[in-house]
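Before any comments, here is the structure.
Any read-out appearing in this document is the output of simple, stated calculations on the displayed coordinates, not a laboratory observation. These numbers come from a predicted model, not from an experiment. With ideal geometry, Cβ positions are generated from the backbone for all residues, glycine too; neighbour counts draw on all protein chains shown.
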Amino acid sequence: MVESTGRGVVYSFVTAHVAVSPGYAGALPYSVATVELAEGPRLLGRVEPPAPLAIGDPVVPRFLDHPTWTELYFVPQAEGA
């Protein structure tokens with residue numbers, strides 16, 4: 001097992017501006033990115049705010065507790081943080 005800080009950079013991303021299915025009731029737009037962690041692995045997660053976003057942007061992890069699960073998402077790393 002390898003522990004990770006969760007810090008990484010955006011490897012690729014997509015920003016949805018329209019619902020991808022008729023039943024989607026979430027906020028638009030939203031971005032989902034593949035994040036390459038500092039330790040090497042890549043993870044998929046939502047990025048907040050969704051735009052502007054670019055490949056190579058540094059991001060840090062955050063967690064949002066839902067009633068039955070916890071969501072990993074990423075936010076841009078603040079300058080000097």
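Here is the figure for segment 20-52: residues that are more than 14 Å from Leu72 (Cα to Cα) and among the polar types (S, T, N, Q) total 1.
Of all residues in segment 1-19 being under 13 Å from Pro76 (Cα atoms) and among the β-branched types (Val, Ile, Thr), which is surrounded by the most Cβ atoms within 10 Å (Cβ to Cβ)? If we take residues in segment 1-19 being under 13 Å from Pro76 (Cα atoms) and among the β-branched types (Val, Ile, Thr), then Val10 is surrounded by the most Cβ atoms within 10 Å (Cβ to Cβ).
Among residues that are among the aliphatic types (A, V, I, L, M) and more than 14 Å from the chain's Cα centre (by Cα), Val47 is not included.
When restricted to residues that are within 21 Å of Phe63 (Cβ to Cβ) and in a loop (DSSP other than H, G, I, E, B), segment 9-39 contains 4. In segment 40-78, which residues are in a loop (DSSP other than H, G, I, E, B), of a type in the set (A, V, I, L, M, F, W, C) and touching a Phe, Trp or Tyr at 6+ places or on another chain (Cβ under 6 Å)? Once the filter is applied, which keeps residues that are in a loop (DSSP other than H, G, I, E, B), of a type in the set (A, V, I, L, M, F, W, C) and touching a Phe, Trp or Tyr at 6+ places or on another chain (Cβ under 6 Å), segment 40-78 yields only Leu53.
Within segment 27-81, the residues that satisfy the criterion of being loosely packed, with under 15 Cβ neighbours inside 10 Å and small (Gly, Ala, Ser) are Ala27, Ala38, Gly40, Ala51, Ala54, Gly56, Ala78, Gly80, Ala81.
Yes/no per residue for (1) touching a Gly at 6+ places or on another chain (Cβ under 7 Å); (2) not aliphatic (A, V, I, L, M):
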{"position": "Val2", "(1), (2)": "no, no"}
{"position": "Val10", "(1), (2)": "yes, no"}
{"position": "Val14", "(1), (2)": "no, no"}
{"position": "Tyr24", "(1), (2)": "no, yes"}
{"position": "Leu28", "(1), (2)": "no, no"}
{"position": "Ser31", "(1), (2)": "no, yes"}
{"position": "Glu36", "(1), (2)": "yes, yes"}
